[in-house]
1. Diagonalise the Cα gyration tensor of segment 1-134 and give the resulting equivalent ellipsoid semi-axes, square root of 5 times each eigenvalue, largest first, whole Å.
2. Report, in whole Å, the centroid distance computed from the Cα atoms of segment 170-218 and segment 47-61.
3. What are the equivalent ellipsoid semi-axes of segment 231-303, built from the alpha-carbon gyration tensor (square roots of five times its eigenvalues), in whole angstrom, biggest first?
4. 222 nm [θ] for the chain, helices only, -39500 (n - 2.57) per DSSP H run of 4+, per residue, to 500?
5. Note the angle between two axes, namely the Cα long axis of helix 188-217 and the longest principal axis of the Cα atoms of the chain, as a number of degrees from 0 to 90, rounded to the nearest 10.
6. Using Cα atoms only, what is the angle between the long axis of helix 269-286 and the major principal axis of the chain, expressed in degrees (0 to 90) to the nearest 10?
7. Could you run the Debye sum over the Cα atoms of segment 1-76, one equal point scatterer each and no solvent, and tell me log10 of I(q)/I(0) at q = 0.13, 0.23, 0.25, 0.27 Å⁻¹, two decimals?
8. For segment 115-134 and segment 245-303, write down the distance between their C-alpha centroids in whole Å.
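A short reminder: the numbers here are calculations on the coordinates, not readings from a lab. This structure is a prediction, so every number in the text was calculated from the model and none was measured. Reconstructed Cβ throughout: ideal geometry from the backbone, glycine too, with neighbour counts over all protein chains shown.
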């Protein structure tokens with residue numbers, strides 16, 4: 001059974017694969033620059049879904065000597081590559097095509113074909129967007145939308161949601177550009193629409209890159225997890241004080257926890273071992289995402 005994030009990616013992959021082929025055919029028939037840009041946009045999105053699936057697959061590779069904490073960050077790397085693809089290929093080609101069309105505009109032929117293709121694409125993309133939105137709302141919980149994006153450690157869902165949102169906006173711009181070209185008799189609007197689509201993609205890519213960069217570099221666990229871990233630490237009588245608790249996401253489902261504590265002076269080495277073992281087990285039982293716990297014994301520093 002595919003996970004929620006995989007279902008979202010598969011839905012977007014199927015939708016974009018179909019739409020990309022139809023858009024390029026329509027672009028060839030109509031000569032529309034905006035339609036061609038939309039075809040490039042959808043092709044990039046299709047490639048991106050394949051990259052995300054690759055990232056999910058590679059992230060499941062077991063730990064080895066070279067990567068002792070596993071390959072969970074692979075999904076962060078491939079999500080960042082997706083952002084680069086959207087910016088460099090999608091935005092770059094769309095803006096280039098738009099500028100070329102503005103400088104050398106050509107009338108759009110068979111515009112009815114464009115309207116039909118773009119309308120159908122809106123329906124199909126809207127269905128894919130709904131799947132992504134539904135999954136995002138599930139993981140969002142009670143958090144605000146921006147907070148959910150900033151704190152979510154599995155980027156696949158919001159990456160697809162961003163892409164689908166940009167796709168819907170791009171489709172609207174393409175229809176507007178073609179409509180204005182027909183209504184005014186000025187084909188330059190088609191080229192302008194292509195440039196606007198490129199700017200939408202560039203903005204989306206920049207935001208995606210910003211959000212995935214933090215995950216790739218390394219982010220701590222949710223502050224609420226830290227607070228509850230510290231509560232667990234305070235419940236152990238053998239611990240005199242806690243110096244620091246450090247966490248790091250090694251992947252969406254892998255948190256590394258490092259604790260520095262000062263044990264009571266009257267404890268034997270066996271007592272320290274028993275306390276450490278009990279502490280580690282309790283933390284892992286309460287937080288399944290915490291896979292590795294390192295406890296460092298350190299005396300309090302007196303000034």
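1. Over the Cα atoms of segment 1-134, the ellipsoid semi-axes are 35, 18, 9 Å.
2. Centre-to-centre distance over Cα atoms comes out at 26 Å.
3. Semi-axes from the Cα gyration tensor: 23, 14, 9 Å.
4. On the way: 10 runs with 204 residues, N = 303.
That comes out to -23000 deg cm²/dmol.
5. Tilt of helix 188-217: around 10 degrees.
6. 30
7. Reported log10 I(q)/I(0), two decimals: -0.52, -0.95, -1.03, -1.11.
8. Here the two parts' Cα centres lie 49 Å apart.
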